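Data first, discussion second: the structure below is written as structure tokens.
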Amino acid sequence: MPTLLDRAIETQNRTWSRMNEIREEAEREGRDMTEEERTNWDAAEADLTRASNDIERLNRMAALDTVDRSNAVITTGGPDDRTGVDRDAQDARYADAFGRYLRGGMRRLSDDQRALLETNFSEMPDARAQAAGIDTLGGYLVPEGFLARMTEAMKAYGGILGLATPINTSTGNDLPWPTNDDTGNEGEILGENEEVTEQGVTVGQRKLKAHIYSSRMVKTSQVLLQDTAFDLEAWLPRKLGERIGRRAARSFTTGTGIDEPQGITVGITVGKLGASGQTTSITYDDLIDLEHSVDPAYREAGRCRFVFSDTMLATLRKLKDGDGRPLWVPVPAPGFASTLNGQPYTVDNSMPAPAAGAKSIVFGDIAAGYVVRQVLAVQTMRLAERYAERLQVAFLSFARLDAMIDDYSAIKAYQQAAS
């Protein structure tokens, strides 16, 4: 029986084929589309957009479900060679204690579980006072399964995070990051007995920080927490991760770099500037010029892709090459991605929409050109007393992130005309 994803792909491809038939018939007869054809075209385009969104949504959920399943089974590994402690068993005990803490707070834990959980207690940044026995002034580091679900949710709502090179650290100290651009230097041809000349490599240094991202509070009822049928361990990290992911995604695209990450569109070289009047549009030639503004050394490696918003995708779907063939090609079959002019693309709705002066498209090797620092010590707080009269409990998570452009040659932007 076809899955929802199979049906969505079939609908997308069938609708796209119908739209091409309408267009080709008008072009074959050398006329504009009739009013009826325009109405059919608009209806088909709306169906196409819905199908494309369904495909993206189902693929995102499939990725999250894969993470859930991969963390559902605890395998037993051998003891740590250095300490003799069975790390897998200890991780499983910690995950169980953390889940009990989420549902019932510290009072519901055994002494052993409380001691185990408190080994991974972390005070709130800049906490002024830590009262004994009050667990709401700090948080407990989340277990790996919880973190995996949260991270996957963050990726789902921020396309850049899933493409960039991740740098994972266990602490939030400033991380010096070396920089170098040697693309302007080349070797030499030596004559017989000639001395080799010297050409140094200039290495700069920037710092990756650990900006704090909060999920804000997520409230749930005590009734749900007491209901074992409620899958808190899957629901909560997804909600927390989605919230942090949405905010982080905005930083990764348009962040100023001052007290927040440097967004991928900030300071990037413009590979193609739209002609006067193209404040919300782009041409086929512009797209070709943007691709070729990135050095072939990156393009030929097969890792380049476009990144843009869904609004820009709607514009790009209407572009055709010199022979009148659409540049956008829908999903041919499950497991394959839609392409634009033969290149893969990622939709990130934090990217600027087409507007005067906006850098609305980036193209290049995102992994080579953009780096994201993630501090793995994500902590979660449980606020039990604040909403006690409503029989509610609030949860709050913090993630520490930073990002910046690492190789300016690897990524270029298309910028809309200013007017």
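The values are calculated or read from the model by the stated rules, or taken from the named source; none is laboratory data. Everything quoted here is computed from the prediction, not taken from an experiment. Using ideal geometry, Cβ is built from the backbone for each residue, glycine included, and neighbour counts are taken over all protein chains shown.
Some notes on this structure:
- Count - residues of the stretch 329-349 that are within 19 Å of residue 9 (Cβ to Cβ), buried (at least 18 other Cβ atoms within 10 Å of the Cβ) and not hydroxyl-bearing (Ser, Thr, Tyr): 4
- Taking the stretch 287-391 as the region of interest, the helices (runs of 4 or more DSSP H) fully inside it that hold 1 or more residues being over 24 Å from the mean Cα position of the chain (by Cα), assigned by TED's automatic domain parsing to the domain that holds residue 245 and more than 25 Å from residue 244 (Cβ to Cβ) are 296-299.
- Residue selected from the stretch 138-193 under the condition within 23 Å of residue 368 (Cβ to Cβ) and of a type in the set (Val, Ile, Thr), by the criterion surrounded by the fewest Cβ atoms within 10 Å (Cβ to Cβ): 183
- For the stretch 267-286, a residue qualifies if it is under 13 Å from residue 361 (Cβ atoms) and part of a helix (DSSP H, G or I), and exactly one does: 286.
- Residue check for residue 126: outside any strand (DSSP E or B), surrounded by fewer than 16 Cβ atoms within 10 Å (Cβ to Cβ) and at pLDDT 85 or above: no
- For residue 298, the conditions (1) in contact with a Ser or Thr (Cβ under 8 Å, 6 or more places away or on another chain); (2) free of Cβ contacts under 8 Å to residues at least 24 places away in the same chain; (3) aromatic (Phe, Trp, Tyr) all hold with the exception of (2).
- Test: residue in the stretch 307-315 that is among the charged types (D, E, K, R) and crowded, with 17+ Cβ neighbours inside 10 Å: no
- Residue in the stretch 45-59 that is under 20 Å from residue 314 (Cα atoms), modelled with pLDDT of 80 or more, β-branched (Val, Ile, Thr) and touching a helix residue (DSSP H, G or I) at 6+ places or on another chain (Cβ under 9 Å) present: yes
For (1) touching a Lys or Arg at 6+ places or on another chain (Cβ under 9 Å); (2) on the phi < 0 side of the Ramachandran plot; (3) crowded, with 18+ Cβ neighbours inside 10 Å, each residue gets a yes or a no:
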{"residue": "208", "(1), (2), (3)": "yes, yes, yes"}
{"residue": "214", "(1), (2), (3)": "yes, yes, no"}
{"residue": "223", "(1), (2), (3)": "no, yes, no"}
{"residue": "229", "(1), (2), (3)": "no, yes, no"}
{"residue": "233", "(1), (2), (3)": "yes, yes, yes"}
{"residue": "241", "(1), (2), (3)": "yes, yes, yes"}
{"residue": "245", "(1), (2), (3)": "yes, yes, yes"}
{"residue": "252", "(1), (2), (3)": "no, yes, yes"}
{"residue": "256", "(1), (2), (3)": "no, yes, no"}
